[in-house]
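Student: Next up is a structure, given as structure tokens.
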Amino acid sequence: MTVLEVRNLQKSFGTIRAVQDISFSVNTGEVFTIIGPNGAGKTTTLEMIEGLVSPDDGEIHFGDLSWSKNAVAIKKKIGVQPQSSAMFDLLTPEENLNLFASFYDHARPTDDILEIINLTDHRKNQVKKLSGGQRQRLAIGLALISDPEIIFLDEPTTGLDPQARRNIWDIILHLKQLGKTTILTTHYMEEAEKLSDRVCIVDQGNIITLDSPSALIEKLTNEREIRLSFLDGENAAEEADHFSRNLESVARTEREGTSLKVWAVKPEDTLLDLFKFNKEKAYQVEQVSIREMSLEDVFIAFTGKEWRD
Ligand code: ATP
């Protein structure tokens, strides 16, 4: 079921066309991710949907509800992760959650939220003493106070170390298990790939492409990149290169010194042939790997630009 539909959203700031023409719909229970480089228009898109910024043009519907007619009902449905500056540094996570809960008639119990955001052990520590990751988890907790159906998280892992990022991923996956819909922005491709049911890649205020991570990657190519490096010097790599190029399953190859890259449609078949060849020649291979295509490759293919985190 569609919980949110966005049609032809547009927003300019002076001469900057932050959002040019963005349309998508989000289904109940999915993690929907808007990903794009800095300045792509992710935050502006999210803030229009959250009712914080008014669009120049376009429509936003939460089922039958729209901001112009049903603002109160929409506010009950959604939870927005606040900036960490909205928290009270001298209070504890428990006190912050209780304070925010006092604004609602039906708040989710604080104990429950502390459990979800994995801060039960830190419930009595002052917020100013928490790590960056713990503060971000508390910010997510504040978005959960009203027990919303749809949760908006704007770059919740930016600037966090890998472990702290994974802790946030666990929370997002837990929310999915609870049946919540999450709309996420990020500029980390790996994060989008791991968490999302569907990904919307934006660049310069427009959607480049939108689908599940696996479908986006499959659409891109059915080739896989095999990497080999030879212990027996450049000649071995050169001969293996020549041998590979004549295999039916191989689309192209690239050799540099003792390393060889082979793009193959059926990498298992190609590897088998290559192993047989190496065995006959008694060549020793130091490393073999198959590189899966990633969302980063999708971005590069669509925009012709390198991806920068
Ligand atoms: P980031 O990953 O850096 O947060 P983003 O994809 O979220 O980027 P936005 O913050 O939506 O991008 O910004 C899109 C463009 O609009 C940028 O060029 C930005 O400088 C501009 N912009 C956003 N908000 C404003 C504003 N209030 N006034 C002027 N320009 C703005």
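Student: Any idea what the dipole of the stretch 2-218 comes to, in debye rounded to 20, about its Cα centre with Lys/Arg Cβ at +1 and Asp/Glu Cβ at -1?
Tutor: Once rounded to the nearest 20, the dipole reads 440 debye.
Student: List the extent of the Cα atoms of the stretch 2-218 along each of their three principal axes, largest first, rounded to whole Å.
Tutor: Computed over the Cα atoms, the extents are 46, 40, 35 Å.
Student: To one decimal place, what Kirkwood hydrodynamic radius in Å is obtained for the stretch 1-67 from all pairs of distinct Cα atoms? Can you show the working numbers first?
Tutor: On the way: mean 1/r = 0.0812 Å⁻¹.
Here the Kirkwood hydrodynamic radius works out to 12.3 Å.
Student: Take the alpha carbon atoms of the stretch 176-243, find their center, do the same for the stretch 1-39, and report the distance between the two centers in whole angstrom.
Tutor: When both Cα centres are located, 22 Å separates them.
Student: Compute the long axis of helix 267-281 from its Cα atoms, compare it with the longest principal axis of the Cα atoms of the chain, and write down the angle in degrees, 0 to 90, nearest 10.
Tutor: 30 degrees
Student: Also, quick follow-up: Scaled to the compact-protein estimate 2.2 N^0.38 Å, what is the alpha-carbon radius of gyration of the stretch 155-305, rounded to two decimal places?
Tutor: That ratio works out to 1.34.
Student: Going 7 Å from the Cα of Ser229 in the Cα-to-Cβ direction, what parts of the stretch 277-299 have a backbone nitrogen less than 14 Å from that spot?
Tutor: Under cut-off, by backbone N: 285-290.
Student: Let me ask something additional. Across the stretch 105-118, in residue order, what do the Karplus-derived ³J(HN,Hα) couplings come to in whole Hz, using 6.51 cos²θ - 1.76 cosθ + 1.60 with θ = phi - 60° and x for Gly and Pro?
Tutor: So the J values, rounded to whole Hz, are 6, 10, 8, 6, x, 4, 4, 5, 5, 4, 5, 4, 8, 6.
Student: Given a Förster radius of 25 Å and the C-beta distance between Asn98 and Glu190 as r, what FRET efficiency does 1/(1 + (r/R0)^6) yield to the nearest 0.05?
Tutor: Computed FRET efficiency for Asn98 and Glu190 comes out at 0.10.
Student: Identify, among Gln134, Pro213, Ala237, the residue whose Cα sits farthest towards the positive end of the charge dipole of the stretch 106-259, taking +1 on the Cβ of Lys and Arg and -1 on the Cβ of Asp and Glu, with the dipole about the Cα centre.
Tutor: Result: Gln134, furthest along the dipole toward the positive end.
Student: Continuing with the same structure: Let me check I have the definition right: for the stretch 222-292, take the eigenvalues of the Cα gyration tensor, multiply each by 5, take square roots. What are those semi-axes in whole Å, largest first?
Tutor: Working: eigenvalues 60, 29, 23 Å².
Result for the stretch 222-292: semi-axes of 17, 12, 11 Å.
Student: Whats the longest run of the chain with zero GluC sites (Glu not before Pro) that are DSSP loop and have at most 13 other Cβ atoms within 10 Å?
Tutor: Numbers: sites that count: Glu248, Glu292, Glu306.
It works out to 1-247.
Student: Say we join alpha carbon atoms closer than 10 Å with springs in a Gaussian network model of the chain; which of Leu91, Leu65, Leu274 then has the biggest fluctuation?
Tutor: Leu274
Student: For the Cα atoms of the chain, what angle does the longest principal axis make with the long axis of helix 132-144, in degrees from 0 to 90, nearest 10?
Tutor: Computed tilt is about 60 degrees.
Student: Ok, one more. Would you mind getting me the FRET efficiency between Glu218 and Phe275? Use the beta-carbon distance for r and R0 = 35 Å, nearest 0.05.
Tutor: Working: r = 27 Å, r/R0 = 0.76.
In this case the efficiency is close to 0.85.
Student: In addition: Could you pull out the longest piece of the chain with no exposed loop chymotrypsin sites (Phe, Trp or Tyr not before Pro) in it, calling a site exposed if DSSP puts it outside H, G, I, E, B and it has at most 14 other Cβ atoms within 10 Å?
Tutor: So the longest stretch without any such site is 105-309.
Student: Moving to a separate point now. Would you work out the charge dipole size for the stretch 131-236 about its Cα centre, treating the Cβ of every Lys and Arg as +1 and the Cβ of every Asp and Glu as -1, and quote it to the nearest 20 debye?
Tutor: Details: 11 positive and 17 negative charges, 88 e Å.
Result for the stretch 131-236 is approximately 420 debye, rounded to the nearest 20.
Student: Another question, then. For the chain, what does -39500 (n - 2.57) per DSSP helix run (n ≥ 4), summed and divided by total residues, give at 222 nm, in deg cm²/dmol to the nearest 500?
Tutor: Calculated from helices alone, the mean residue ellipticity at 222 nm is -11000 deg cm²/dmol.
Throughout, read-outs are computed from the coordinates displayed, never taken from laboratory work. Note that the structure is predicted; figures quoted are calculated from it, not measured. For neighbour counting, all protein chains shown are included, and Cβ atoms are generated from backbone atoms with ideal geometry for every residue, glycine included.
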